[in-house]
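The values are calculated or read from the model by the stated rules, or taken from the named source; none is laboratory data. These numbers come from a predicted model, not from an experiment. Methodologically, a virtual Cβ is constructed for each residue, glycine included, from the backbone with ideal geometry; neighbour enumeration extends over all protein chains shown. Ligands, DNA and RNA are excluded from the accessible area calculation, which covers all protein heavy atoms including side chains. Shrake-Rupley method; radii C 1.70, N 1.55, O 1.52, S 1.80 Å.
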Amino acid sequence: MNTRGAPVNVETRAKLYEGKAKIVYATNDPRLIVQYFKDDATAFNALKRGTIVGKGVVNNRVSAAMFERLERAKVPTHYLGALSDREMLCRRLDIIKIETIVRNVVAGSLAKRTGLDEGTPIRQPIVELYYKSDPLGDPMINDDHVRMMKLATPAELTWMRRMALRINRILRPHMWKRGLILVDFKLEFGRAGGRRYLGDEISPDTCRLWDRQTGEKLDKDRFRRDLGGVEEAYQEVYRRLVGTSA
Ligand code: UDP
């Protein structure tokens, strides 16, 4: 077990929140929460639902490995240690209601919005902001909207953009060495005790990952687009980013 010095006497308490892919539990320490990763999968703002067997284990272990890599590079994350195959101990954050997306290659909604072919390289990585709101379907917003809605202070937004690009500079070569192209990914940030941290997860649910040799999609697009081989793709990402098979 890797608990990175996390308190050993943490007890899981009431369910705080159940999302599409995770359950968040309170603990006996108000500063700490437990993230439990489910096999449930949704897409298109939950219009498409299903199960990806073993996904929770893959996403928990892959996220842990990516957070550990980022912590080594001095990126502050909410991750404090893996508690089990599906559970991770984290700092409790006040989540900033912005989804930050970084893109290295054109795909998904960017291909739709621009008409550019999926797979077109992006010379300088792009950062996009989306308002984290299920009822509104996570609309794209800009810095002016963030200010108008007071979602984050200008200083926080500057920090988030800088951190998102720094995370990209760390994870892109890390994944490349393991045979994966980091096409794009989504980040969530939050506040705790006057500091800012990266939160949520980094997994094949939140990243587009293509095989470096074949270009094969090894992420949630296999589920979204009914490409088949969904479980196998998640297991392959686990093998490459964590080590042994889940
Ligand atoms: N993404 C995510 N959650 C969301 C929306 C997007 O994790 O609610 C991730 C998605 O997996 C991809 C990246 O963010 O890696 C960019 O997604 P895009 O804007 O292309 O949206 P899509 O077309 O996938 O809905």
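Counting only protein heavy atoms and a 1.4 Å probe, tell me what percentage of segment 99-246's accessible area is made up of carbon and sulfur.
Roughly 51 percent, rounded to a whole number.
Assuming R0 = 51 Å, what is the FRET efficiency of D144 and N9, from their Cβ-Cβ distance, to the nearest 0.05?
Calculated value: 0.65.
Okay, which of segment 85-125 sit inside 17 Å, backbone N to the point 7 Å along the Cα-Cβ direction of R169?
102-104, 123-125
For segment 1-132, what is the charge dipole size about the Cα centre, in debye to the nearest 20, if Lys and Arg each add +1 at the Cβ and Asp and Glu each add -1 at the Cβ?
Using Cβ point charges on Lys, Arg, Asp and Glu, segment 1-132 gives about 160 debye.
So how much accessible area does M149 have, in Å² to the nearest 10, using a 1.4 Å probe?
The accessible area of M149 comes to roughly 70 Å².
Rounded to two decimals, what is Rg over Rh for segment 157-198 when you use alpha-carbon atoms and the Kirkwood radius?
Ratio of gyration radius to Kirkwood radius for segment 157-198: 1.07.
So, with +1 on the Cβ of K and R and -1 on the Cβ of D and E, and no other charges, what is the size of the charge dipole of the chain about its Cα centre, to the nearest 20 debye?
Dipole of the chain, to the nearest 20 debye: 680 debye.
What whole-number distance in Å separates the alpha-carbon centres of segment 16-34 and segment 152-193?
Computed from Cα coordinates, the inter-centre distance equals 23 Å.
Find the Rg to Rh ratio for segment 50-173, where Rh is the Kirkwood radius over alpha-carbon pairs and Rg uses the same atoms.
That ratio equals 0.98.
Treat each spin label as a single point 7 Å out from the Cα along the C-beta direction, and report the T214 to E156 distance in nm.
Reported label-point gap for T214 and E156 is 4.3 nm.
Tell me, rounded to the nearest percent, the portion of alpha carbon pairs in segment 101-141 spaced more than 16 Å apart.
Tail fraction, whole percent: 40.
Expressed as a fraction of 2.2 N^0.38 Å, the rule-of-thumb size for a compact globular protein of N residues, what is the C-alpha radius of gyration of segment 1-112?
This ratio for segment 1-112 stands at 1.17.
Nearest 500 deg cm²/dmol is fine: what mean residue ellipticity at 222 nm does the chain get from its DSSP H runs of n ≥ 4 alone, each adding -39,500 (n - 2.57), divided by its residue count?
Rounded to the nearest 500, the figure is -9000 deg cm²/dmol.
Would you please report the Å³ per residue occupied by the convex hull of the alpha carbon atoms in segment 53-93?
59 Å³
At a probe size of 1.4 Å, how large is the accessible area of I101, to the nearest 10 Å²?
Accessible area, nearest 10 Å²: 30 Å².
Suppose R0 equals 30 Å. What FRET efficiency, 1/(1 + (r/R0)^6) with r the Cβ-Cβ distance, do R195 and R123 give to the nearest 0.05?
It comes out at approximately 0.35.
If the viscosity is 0.692 mPa s and the temperature 37 °C, what translational diffusion coefficient in µm²/s does Stokes-Einstein give for the chain when Rh comes from Kirkwood over Cα pairs?
It comes out at roughly 178 µm²/s.
Using a 1.4 Å probe, what is the accessible area per residue for the chain, in Å²?
49 Å²
Counting only Cα, what are the radius of gyration and maximum Cα-Cα distance Dmax of segment 141-246, in Å?
Every Cα atom of segment 141-246 included, Rg and Dmax give 16.3, 47 Å.
Please give the residues of segment 175-216, grouped as numeric ranges, whose backbone N is less than 16 Å from a label point set 7 Å along the Cα-to-Cβ vector of R225.
181-185, 205-216
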